[in-house]
């Protein structure tokens, strides 16, 4: 069991080293910072919007809309982040293909 855990840690370390090397190869470090910021914003905005709308509806109509709308906001934020990440990966692959 210990051997298995150690191998998982080694694999994770290799993945982290590769990602750091990839970031060093990328000539524009601000691009990664902008991507992280965009992902954060695209997750937070739907969550907070749905939460605020749910609270307002609960106060006005005395119902329980907050939890379903919060769940919807979390799902929408996750979907937005996934789509942004996939489009960024496709763009990077296209850039690599044009370089080679």
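Once both labels are modelled 7 Å past Cα along the beta-carbon direction, what's the residue 92-residue 33 spacing in nm?
1.8 nm
With the cut-off at 1.5 for a/c, could you classify segment 28-99 from its C-alpha gyration tensor as rounded, prolate or oblate?
The shape class here is prolate.
Students often check this: by mean Cβ neighbours within 10 Å, which of 86-95, 47-56, 60-69 ranks highest, and how do the rest follow?
Ranked from most to least packed, the peptides come out as 47-56, 60-69, 86-95.
Just rank 45, 34, fewest to most, by other beta-carbon atoms within 10 angstrom.
Lowest to highest Cβ neighbour count: 34, 45.
If r is the Cβ-Cβ distance from residue 82 to residue 44 and R0 is 22 Å, what FRET efficiency results, to the nearest 0.05?
Numbers: r = 15 Å, r/R0 = 0.69.
According to the calculation, E is roughly 0.90.
Where a number appears in this text, it was derived from the coordinates with a stated rule and is not lab data. This structure is a prediction, so every number in the text was calculated from the model and none was measured. Backbone-built Cβ (ideal geometry, glycine too); neighbour counts: all protein chains shown.
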